[in-house]
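What follows is a set of notes on a single structure, which appears directly below.
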Amino acid sequence: MHPLESELTPIAILPVQFHPGFAGARLQPEKRLQIAVLADAVLTFHRTAGIDRTRPRRLHAEVAEWFASDGTDGPFAFVAICQSLALDPGYVRRGLEEFRAQVAAGTSQRRVLRRDNGGTRHQVVLPRLRQVA
């Protein structure tokens, strides 16, 4: 006797079954590091755009070259990070180019960008030692 189709259907669907890209509340450490690398590159691109001093101009050129590269030779290449995080590299590049055009036209509002400090960090504090006199 064959089981009925209603007997084969699951009663509940887990979030992992519903969305296969969902890995739970916490990301893998490798992906978190890739997100941090990408976020730092975007922040550097934004902070150094349109600044005429030597160091910011050099940093901006390095970051722009990293965004423009199509290589996937390492885990921290731009395209490799986008593939790992399921992002479209062309979309990110277009957004950066639009920002660069706004800065060049002088229509960009300089917003202060900062890193998100919402991670969990623990600080170990040792008790002070008494001075023995």
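The values are calculated or read from the model by the stated rules, or taken from the named source; none is laboratory data. Quantities reported herein were computed from a predicted structural model and do not represent experimental measurements. Don't worry about glycine lacking a Cβ; one is built from the backbone with ideal geometry, like all the others, and counts go over all protein chains shown.
Structure summary
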| quantity | calculated |
| --- | --- |
| Residue ID - surrounded by the fewest Cβ atoms within 10 Å (Cβ to Cβ), chosen from residues in the stretch 79-123 that are among the β-branched types (V, I, T) and at pLDDT 90 or above | V79 |
| Within the stretch 48-78, considering residues that are aliphatic (A, V, I, L, M) and within 18 Å of the chain's Cα centre (by Cα), the one surrounded by the fewest Cβ atoms within 10 Å (Cβ to Cβ) | A68 |
| Qualifying residue in the stretch 49-68 (condition: at pLDDT below 90, farther than 20 Å from A101 by Cα and among the β-branched types (V, I, T)) | no |
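Every residue, every condition in (1) β-branched (V, I, T); (2) outside any loop (DSSP other than H, G, I, E, B), yes or no:
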| site | (1), (2) |
| --- | --- |
| D52 | no, no |
| V63 | yes, yes |
| F67 | no, yes |
| P75 | no, no |
| Y91 | no, yes |
